[in-house]
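Everything below concerns the one structure shown next.
Quick note: the coordinates plus some simple rules give every number you see, no bench work behind them. The structure displayed is predicted, hence computed values, not measured ones. Virtual Cβ from ideal backbone geometry, glycine too; neighbours counted across all protein chains shown.
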Amino acid sequence: MSDILDRIKADYDSKKMRKVDVPEWGAVIFFNPLTLAERKRIASGHDATDEAATMVSLIMEKALDDEGKKIFAPGAATRATLEGGSDAAVVSRVVMAMGVAEKPADAKKD
């Protein structure tokens, strides 16, 4: 059992930090792959059906600078700017670039 767990951890650790260029914000945002623990944390604290809140929480949780430090401070001011003072198309593009997988319930069934 330990062997497969070691391989799972090695797979995650081997994934390189990715980036998305956001010229509208004058920024390059870096991010690591999303873990299930992060997904759970992102989903908590707001209505699960609130897509905008989920997208904003994802960006706030995952967005890093080139040194791996979080870009956005947690709090109402950051959330208000990302939700109500930013272009929804840009926010969506950043979230899509982060490659967030579909929720299992939303995945296509074969």
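At-a-glance table
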| read-out | value |
| --- | --- |
| Over the chain: helical MRE at 222 nm, DSSP H runs n ≥ 4 each giving -39500 (n - 2.57), nearest 500 | -14000 deg cm²/dmol |
| Per-pair calculated FRET efficiency, R0 = 22 Å: residue 97 and residue 8 via Cβ, rounded to 0.05 | 0.35 |
| Residue 49 paired with residue 24, simple spin-label distance in nm, labels 7 Å along Cα-to-beta-carbon | 2.7 nm |
| Ratio of the Cα radius of gyration of the chain to 2.2 N^0.38 Å, where N counts its residues | 1.16 |
